[in-house]
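The values are calculated or read from the model by the stated rules, or taken from the named source; none is laboratory data. Just so you know, these numbers come straight off a predicted model, no measurement behind them. Reconstructed Cβ throughout: ideal geometry from the backbone, glycine too, with neighbour counts over all protein chains shown. Protein only, heavy atoms only, side chains kept; ligands, DNA and RNA dropped before computing areas. Shrake-Rupley method; radii C 1.70, N 1.55, O 1.52, S 1.80 Å.
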Amino acid sequence: MKNMKNSIKIALAQISSKRENKQANLQKYEELTLKAKKQNTDLIIFPEMSLTGYVVKDQIYELAEQIPGPSVEKMETIAKKTGMHIIFGMPEVSQKTKATLYNTAVLIGPKGYIGKYQKMYLPTHSVFEEKRYFRPGYQPAVFDTDIGKIGLTICYDIFFPEVFRLTRLKGAQIIVCISASPAVRRNYFEILTSARAIENTAYLAYVNLSGIQENLQFWGGSRLVSPTGDIIAKAKYDEEDFICCEADFHDLKPAEAFIPTLRDLRPELFDKLKHLSEDI
């Protein structure tokens with residue numbers, strides 16, 4: 001068990017990525033991490049697929065990297081230099097094959113690479129075609145760090161409460177959801193970010209892309225939500241923004257007592273859920 005902090009300061013780095021330009025996006029990561037460091041933050045979070053841009057079509061095969069790989073190594077250097085924890089999204093190519101890709105969130109700390117999460121739920125409807133490119137992940141991801149127990153999720157996962165429940169039951173104090181959500185989905189995400197925080201009595205840090213890529217307008221609206229669903233901090237809509245906020249882990253205990261969803265869980269219902277979901 002690590003000697004963790006009781007509260008952490010978080011930077012929500014709501015950026016617009018340059019499509020297919022990892023170098024420019026890495027430079028932006030570095031500039032904002034240095035800015036966050038000057039404001040004494042412990043953790044900076046960048047959006048889903050922000051290393052490459054979200055809409056890159058078949059170029060994804062050229063842009064994807066193994067983890068660890070060159071971009072992760074660059075981010076390790078930045079984390080070590082600043083003493084920061086950093087989360088960002090990128091396309092990952094499997095260690096075992098040349099064309100199996102994952103939509104991945106990466107967590108790096110002051111001592112280097114900590115771990116990753118491969119997006120479980122891949123939207124493939126309307127403007128989304130993730131299943132065309134990505135293989136789904138299979139494991140929830142929670143990491144015991146010097147600044148707390150951090151869970152990772154990505155965008156469309158938020159529509160599936162079971163992902164967040166698994167992440168919370170693995171011990172996450174704060175669940176990070178990095179996102180590339182277009183404006184047509186804004187209303188859903190504003191509801192679901194609060195719902196996921198309340199039902200799991202955990203902090204939820206949501207960081208979304210902003211700007212326009214191939215006619216998709218990303219709505220921003222990044223936020224930190226408390227374990228009781230209060231919005232502690234919120235970024236601007238539609239444009240780049242940088243917000244520093246604080247999560248106090250002392251708030252978890254009273255939240256759990258006030259909304260005892262974890263105490264009141266009924267494990268036997270999960271068996272029914274599995275059975276019924278196999279026959280839709």
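Some notes on this structure:
Residues are listed down the side, and each one gets a yes or a no for (1) touching a residue at least 12 places away in the same chain (Cβ under 8 Å); (2) more than 16 Å from the chain's Cα centre (by Cα):
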{"site": "Asn21", "(1), (2)": "yes, yes"}
{"site": "Lys28", "(1), (2)": "yes, yes"}
{"site": "Lys38", "(1), (2)": "no, yes"}
{"site": "Glu65", "(1), (2)": "yes, yes"}
{"site": "Ser71", "(1), (2)": "yes, yes"}
{"site": "His85", "(1), (2)": "yes, no"}
{"site": "Phe88", "(1), (2)": "yes, no"}
{"site": "Ala105", "(1), (2)": "yes, no"}
{"site": "Gly115", "(1), (2)": "yes, no"}
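Conditions (1) in contact with a helix residue (DSSP H, G or I) (Cβ under 7 Å, 6 or more places away or on another chain); (2) assigned to a helix (DSSP H, G or I), marked per residue:
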site: Ser71; (1), (2): yes, yes
site: Ala99; (1), (2): yes, no
site: Ile114; (1), (2): no, no
site: Met120; (1), (2): yes, no
site: His125; (1), (2): no, no
site: Gly171; (1), (2): no, no
site: Val176; (1), (2): no, no
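- Residue in the stretch 93-129 that is surrounded by the most Cβ atoms within 10 Å (Cβ to Cβ), counting only those that are of a type in the set (D, E, K, R) and closer than 19 Å to Phe164 by Cβ: Lys119
- Residues of the stretch 242-280 classified as under 20 Å from Leu169 (Cβ atoms), open to solvent by less than 70 Å² (accessible area, probe 1.4 Å) and aliphatic (A, V, I, L, M), total: 6
- For the stretch 203-219, residues that are modelled with pLDDT of 95 or more and open to solvent by less than 10 Å² (accessible area, probe 1.4 Å) total 10.
- Of everything listed in (1) within 18 Å of Asn103 (Cβ to Cβ); (2) of a type in the set (Val, Ile, Thr); (3) modelled with pLDDT of 95 or more, the single unmet condition for Val127 is (3).
- Among residues of the stretch 1-19 being among the hydrophobic types (A, V, I, L, M, F, W, C) and outside any loop (DSSP other than H, G, I, E, B), the one that is farthest from the chain's Cα centre (by Cα) is Ile8.
- Test result for Gly151, more than 14 Å from Met49 (Cα to Cα) and within 15 Å of the chain's Cα centre (by Cα): yes
- Number of positions in the stretch 225-241 that are of a type in the set (Asp, Glu) and either open to solvent by less than 50 Å² (accessible area, probe 1.4 Å) or out of contact with any helix residue (DSSP H, G or I) (no Cβ under 9 Å at 6 or more places or on another chain) (or both): 3
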